[in-house]
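All remarks here apply to the structure that follows.
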Amino acid sequence: MSTAQGARARARIEVTSAIKDEARRQLAADGAAKLSLRAVARELGMVSSALYRYFPSRDDLLTALIIDAYDSLGEAAETAHAAVADVGPLRRWVAVCEAARGWALRRPHEYALIYGSPVPGYQAPDTTVPAASRVGLLLMGIVRDAHRSVGVARTPIPAELRPEADRLAADLAPDLPAEVSVALVAAWAQVFGLIGFELFGQFNRVVEDRETFFRYSVSRIGHGVGLVFPGNP
């Protein structure tokens, strides 16, 4: 790459970063539904036609912000998991969940973008899936490791749920029992539901010691997916 090409590439990265930063500021101030390329361009002192060279539409900018948010969340969870890699599965599970909660509390508007109300007129493309899957795959990996080593407990499921359980297992984790796959999907919804309840105010005047409550709750959810190990938490 020539010196001129390198300079242009660096300039593009810097401008792209500035656009995203301003868009995040607008998310915090007005919400995702009101995000406007024209408003972003105006705040940055750019003409709209120049900004369109970086993001052809509002949806393209939203997609970039969503991928960044999921990747940031995933990185936080993976870093926390790496720090406790030598402890038991349940403690690893709790560490990942607590890292997700901590990220959400630090970056509430980005959490709202990916786990809040859908943005009218926007449908996330498949390109968001790898980033969106990072925390779920990490939690699934903890359960998979436990299944291969000390084993996991299986909670019986009703007969009418068996076809869906088998489908989920085939799609998500063919190497895990179907009962565990069902429990993992429920756990994913429960963990992020707890975070959302705290972040969006549903726990106001209900739960006061939210950190301790969250740790207890996600521990119980971990038990629900089969991470029950007497003497080996």
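Every number in this text was worked out from the coordinates using simple rules, so none of it is lab data. Since this is a predicted model, take the numbers as computed values, not measurements. Cβ coordinates were reconstructed from backbone atoms using ideal geometry, including for glycine residues, and neighbour counts include every protein chain displayed.
Its relative contact order, with pairs defined as Cα atoms under 8 Å and 6+ residues apart, puts the stretch 1-56 at 27 percent.
Packing-wise, with mean Cβ within 10 Å as the measure, how do 160-170, 116-126 rank, highest first? Numbers along the way, then the final one.
Details: 160-170: 13.7, 116-126: 11.6.
Answer by packing, highest mean first, reads 160-170, 116-126.
In a Gaussian network model over the chain where Cα atoms closer than 10 Å are linked, find which of Arg25, Arg53, Arg91 has the largest mean-square fluctuation. With Cα springs under 10 Å in the chain, the top fluctuation among Arg25, Arg53, Arg91 is at Arg53.
The relative contact order of the chain comes to 21 percent, based on Cα pairs under 8 Å that sit 6 or more residues apart. Shown in residue order for the stretch 89-101 are the 3J(HN,Hα) couplings computed by the Karplus curve 6.51 cos²θ - 1.76 cosθ + 1.60 at θ = phi - 60°: x, 5, 5, 5, 4, 4, 4, 5, 4, 5, 5, 5, 4 Hz (x for Gly and Pro).
Computing mean projected area of the Cα convex hull in nm² directly from the structure and comparing it against [x] 14.8; [y] 13.0; [z] 16.8 singles out [z].
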